[in-house]
1. What 222 nm value per residue comes from the helices of the chain, counting each DSSP H run with n ≥ 4 as -39,500 (n - 2.57) and dividing by all residues, nearest 500 deg cm²/dmol?
2. For region 105-148, which trypsin sites (Lys or Arg not before Pro) are both in a DSSP coil and crowded by at most 11 other Cβ atoms within 10 Å?
3. Between residue 118 and residue 65, what's the calculated FRET efficiency when r is the beta-carbon distance and R0 is 25 Å? Round to 0.05.
4. Calculate, for the chain, the solvent-accessible area per residue in square angstrom, rolling a 1.4 angstrom probe over the heavy atoms of the protein chains.
5. When the C-alpha atoms of region 77-136 are aligned to their principal axes, what extent does each axis show, in angstrom, from largest down?
6. How much length would be gained if the chain were fully extended between residue 27 and residue 129, taking 0.36 nm per residue of separation minus their Cα-Cα distance, in nm to one decimal?
7. Modelling each spin label as a point 7 Å along the Cα-to-Cβ direction, I'd like the residue 142/residue 12 distance in nm, to one decimal.
8. Run through all the Cα pairs of region 1-89 and give the fraction in each 10 Å bin from 0, expressed as whole percent.
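The values are calculated or read from the model by the stated rules, or taken from the named source; none is laboratory data. A quick note: this is a predicted structure, and the numbers were derived from the prediction, not measured. All Cβ positions, glycine included, derive from the backbone under ideal geometry; neighbour counts span all protein chains shown. These area figures cover heavy atoms from the full protein model, side chains too; ligands, DNA and RNA do not enter into them. Shrake-Rupley method; radii C 1.70, N 1.55, O 1.52, S 1.80 Å.
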Amino acid sequence: MIHTVLLILHMLTAVAALLLGMGAMRVTKQKGWHSRLGNLYHWLFVIVAATAALLATLDWQRLWWFLPVAIFSYAFALLGFAAAKYRWKNWMRWHVTGQGGSFIAMSTAAVANNLGHLGWLAWLAPTAIGVPILMWFSREVRAGRRPKYNRV
């Protein structure tokens, strides 16, 4: 019973986080919608990681690997969240790397879970697609060309 409840909570919050993450990527990068969606994405990611850790604990023999994946994935989300919140030197690059890395991790889980019949391709495709985009965007940030702000 508890396993089922955790699994449903895990899946629903993961879907919501993926949708909010896509929304945060699409809106203008300034305080307002981007910040709100990003904050909500982070807190949903906390729930996704926590439920993954609990599911691993409940079924250790089968799901032990959820725990390191949850920790590693959330580390990216925390990096992106903290960089935007505290704005240390080069914070934007760290924010992009953290949020992008966490989104790739969550996308990988979704693709592998739903298209697992594709084998290793389901596990590698999100990274193969996401990392070059992340590297390009990071170079754009370093060069001062991104993000594009709506200057009013």
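1. The helix-only estimate for the chain comes to -28000 deg cm²/dmol at 222 nm.
2. 145, 148
3. Efficiency at R0 = 25 Å is approximately 0.85.
4. Per residue, the chain has an accessible area of 64 Å².
5. Principal-axis extents of the Cα atoms in region 77-136, largest first: 43, 20, 9 Å.
6. 34.6 nm
7. That separation, rounded to one decimal, is 4.3 nm.
8. So the P(r) values, bin by bin, are 18, 43, 27, 11, 1.
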